[in-house]
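The values are calculated or read from the model by the stated rules, or taken from the named source; none is laboratory data. The structure presented is a predicted model; accordingly, all values stated were derived computationally and were not measured. With ideal geometry, Cβ positions are generated from the backbone for all residues, glycine too; neighbour counts draw on all protein chains shown.
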Amino acid sequence: MAARAAMAKTRTSPAGDVHGPPASVITMVRYRVRHMALGAIAEHEVQAGGLRDVPQALSQVLGQPVAPGDLLQVHPLGSAKASGQSVSSSAPAPVPASGDFPRRLFCQELAVLLDAGIPLYESLITLREKESSASVSAVLSGLVEALSQGQTLAQSMRSQPQAFSTLLIASIEASQRTGHTPQALRQHAAYLAWVDGLRDKLVGAAIYPAILVSASLLVITFLTVFVVPRFADIYEGMGGELPWLSGVLLKAGQAVGAHPWVVMAGLVALAGMGVMAWRSPAVRGALAERLWRLPVVGDRLRLVELATLYRTLGLLLQAGVAVVAALEASSELVKPALRPALAEAARRVREGARLSDSFQEHALTTPVSLRMMRVGEHTGELGSMLERAATFYDEELARFTDWIGRVVSPVLMLVMGVLIGGIVVLMYLPIFQVAEQIQ
């Protein structure tokens, strides 16, 4: 009986609860913290009641105030269950491709959490917990796992190239040395917003002409496959000599009318081949090369690429990336037509030349951008000047797309109207001829 009483007392005693400490007891957890200290990365172990208390605990250890933004990694040395966090996921999930991972939203949300004073480790866990997509959650779990193993954020991103671009990794790596990670995240989110806006602007300028051409081609196909063959049968029964152009059209209509479904299948196959060819990098590269040679369009495409190059370089330089490293990272984002010139410019900069001079030697500038780059080199604000140059060309491209919409659409309407009207006139021309003979 005494033993049973002792066991009952042990089971119900707050201090000896075999199911774990009660909620009122605060569990102190040991953390290994990597942080910025006087421009260098340092590492310490502290005890805190939770991740939010780590900056205060580290301040007591160092004897000086520590901002939450100075924390690079916070790794709990105790179990994840005791610290209230889960370090890794037990079941693997599919990893999204680079186009599927929401990099812009990730940068915006992570920057907000870091600005709010939440350490990097806890911020990533917070993003993972609110994520409903299994593939995105798997990427965030990979970041958390890498941070818990002592890697930096840039290193953990580099291990998942399918989700994070080289540009983002380079920006984060440079910002960690200066302690401006939230600022780098915000700048990259703004850069992605600019890229999306530029893409939407170009696509929007092409939507109406594409719809107009598609509708006109459908009308022409309908007339050729279903209407012209009927007129051909009528005129064949009437006899007589037809105008030359009408005869060619009606003979083509008879050939199409004899095998309409074969013709339709051929048109569908031709459209499918066109889509497959458009998806081929070789075909798109050859088409882009021809477009670059056109007088007006080629100049505007070059401005698009230069604006992308300037904004990318400006983003990296403002994040603290060296000029040569920024040029190498930017080469992956420009079209192949500019890569040889950019590689030569990087070589000249590596030899000691100024960026503005090397860009001028390899035709990577315009008079406006060259002047702005030289001003930036003299004032030490090269990154911001490159972004201003990109903004200048954004406005010029906006004016060009507006001009395209005002000029190209009426021209296309005129051309398609002439084609459709010509088919209709050629179909009715024999009737007009017969009417004149009767009179």
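Just for region 222-236: of the residues that are within 50 Å of the chain's Cα centre (by Cα) and either among the hydrophobic types (A, V, I, L, M, F, W, C) or at positive phi (or both), which one is surrounded by the fewest Cβ atoms within 10 Å (Cβ to Cβ)?
Applying the filter and picking the extreme gives 222.
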Which listed residue, of 189, 205, 193, is at pLDDT below 85 and either out of contact with any Leu (no Cβ under 7 Å at 6 or more places or on another chain) or farther than 15 Å from residue 311 by Cβ (or both)
205
Here's a check for you: in region 286-332, which residue that is more than 27 Å from residue 154 (Cβ to Cβ) and of a type in the set (Lys, Arg) is surrounded by the fewest Cβ atoms within 10 Å (Cβ to Cβ)?
293
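Let me confirm something: among 286, 322, 337, which residue is at pLDDT below 85, over 22 Å from the mean Cα position of the chain (by Cα), of a type in the set (Gly, Ala, Ser) and assigned by TED's automatic domain parsing to the domain that holds residue 370?
Working: 322 fails: at pLDDT below 85; 337 fails: over 22 Å from the mean Cα position of the chain (by Cα).
Testing whether each residue is at pLDDT below 85, over 22 Å from the mean Cα position of the chain (by Cα), of a type in the set (Gly, Ala, Ser) and assigned by TED's automatic domain parsing to the domain that holds residue 370 leaves just 286.
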Does region 396-407 include one or more residues that are at pLDDT 85 or above, touching a helix residue (DSSP H, G or I) at 6+ places or on another chain (Cβ under 8 Å) and either surrounded by 10 or more Cβ atoms within 10 Å (Cβ to Cβ) or of a type in the set (Phe, Trp, Tyr) (or both)?
no
Out of the residues in region 347-372 meeting the condition of being among the charged types (D, E, K, R) and within 12 Å of residue 327 (Cα to Cα), tell me which one is surrounded by the most Cβ atoms within 10 Å (Cβ to Cβ).
348
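Out of the residues in region 237-254 that are part of a helix (DSSP H, G or I) and surrounded by 13 or more Cβ atoms within 10 Å (Cβ to Cβ), state the one that is farthest from the chain's Cα centre (by Cα).
Filtering region 237-254 down to residues part of a helix (DSSP H, G or I) leaves 237-238, 244-254.
If we keep only those that are surrounded by 13 or more Cβ atoms within 10 Å (Cβ to Cβ) too, we end up with 246-247, 249-254.
On the way: 246: 52, 247: 53, 249: 48, 250: 51, 251: 51, 252: 47, 253: 47, 254: 50 Å.
Applying the filter and picking the extreme gives 247.
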Would you say residue 426 is touching a Leu at 6+ places or on another chain (Cβ under 8 Å) and modelled with pLDDT of 90 or more?
no
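Just checking, which of 384, 356, 409, 369 is of a type in the set (Ser, Thr, Tyr), more than 18 Å from residue 307 (Cβ to Cβ) and part of a helix (DSSP H, G or I)? Spell out the reasoning first.
Details: 384 fails: more than 18 Å from residue 307 (Cβ to Cβ); 356 fails: more than 18 Å from residue 307 (Cβ to Cβ); 369 fails: more than 18 Å from residue 307 (Cβ to Cβ).
Going through 384, 356, 409, 369 in turn, the sole match is 409.
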Can you find even one residue in region 161-178 that is outside the structural domain of residue 421 (by TED's automatic domain parsing), among the aliphatic types (A, V, I, L, M), in contact with a Gly (Cβ under 6 Å, 6 or more places away or on another chain) and crowded, with 19+ Cβ neighbours inside 10 Å?
yes
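Restricting region 125-137 to residues that are in a helix (DSSP H, G or I) and either out of contact with any Lys or Arg (no Cβ under 9 Å at 6 or more places or on another chain) or of a type in the set (Lys, Arg) (or both), which is surrounded by the most Cβ atoms within 10 Å (Cβ to Cβ)?
We begin by selecting, within region 125-137, every residue in a helix (DSSP H, G or I); these are 125-130, 134-137.
Next, only the ones that are either out of contact with any Lys or Arg (no Cβ under 9 Å at 6 or more places or on another chain) or of a type in the set (Lys, Arg) (or both) stay: 125-130, 134-135.
Details: 125: 24, 126: 17, 127: 20, 128: 20, 129: 11, 130: 10, 134: 14, 135: 15.
Of everything passing the filter in region 125-137, 125 is surrounded by the most Cβ atoms within 10 Å (Cβ to Cβ).
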